[in-house]
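A short write-up of the structure that comes next.
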Amino acid sequence: MAFDLALTHPEPFAGLVALSTYIVDRERITRELREANAQLHILQCNGTFDPMVPVASGQSARAFVEGLGHEVSWHEYPIKHEVSAPELQRIGAFLTEALA
């Protein structure tokens, strides 16, 4: 859902934090891709033990988004479908930079 909204939204976002997510409809995103977010800063994180969104699904989403020309800052954490303290620290740093 995060990638879907950010990549097809007609107005620019400061950044995208994509946590344990995947892409449902690649054809729709490709068809409705907007120039407004062509330079979108993207942080993507996934737990290596996530039973809801396997790390391979997150990696596949990253590859797709990179194939569209986006740079993705990818990070894996030894967690399930949750958020860890180190991940929160990385998100905080990302948001501080993206919103500066």
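With all protein chains present, how much of the accessible area of the chain (probe radius 1.4 Å) comes from carbon and sulfur, to the nearest whole percent?
Details: 3310 of 5940 Å².
With neighbouring chains kept in place, the figure for the chain is 56 percent.
For ARG34 and LEU99, FRET efficiency with R0 = 25 Å and r from the beta-carbon atoms, rounded to 0.05? It would help to have the intermediate numbers written out before the result.
Values: r = 20 Å, r/R0 = 0.82.
Plugging the Cβ-Cβ distance into 1/(1 + (r/R0)^6) gives 0.75.
Angle between the Cα long axis of helix 55-67 and the longest principal axis of the chain, 0 to 90 degrees, nearest 10? With rounding to tens, the tilt is 30 degrees.
Per residue, the convex hull spanned by the Cα atoms of the chain amounts to 81 cubic angstrom. Each residue was assigned an accessible area with a 1.4 Å probe, and for TYR22 the value is about 110 Å². You can think of it this way: the chain between GLU82 and GLU11 has 22.6 nm of extra reach, that is 0.36 nm per residue less the Cα-Cα gap.
When only C-alpha pairs under 8 Å and at least 6 residues apart count, what is the relative contact order of the stretch 1-80, in percent? Kindly include the intermediate steps, with their values, before the conclusion.
Numbers: 138 pairs, mean separation 25.2, N = 80.
Once normalised by length, the contact order is 31 percent.
Taken per residue, the accessible surface of the chain reaches 59 Å², heavy atoms only and a 1.4 Å probe.
The values are calculated or read from the model by the stated rules, or taken from the named source; none is laboratory data. Note that this is a predicted model, so its numbers are computed, not measured. Reconstructed Cβ throughout: ideal geometry from the backbone, glycine too, with neighbour counts over all protein chains shown. Heavy atoms of the whole protein, side chains included, go into the accessibility calculation; ligands, DNA and RNA do not. Shrake-Rupley method; radii C 1.70, N 1.55, O 1.52, S 1.80 Å.
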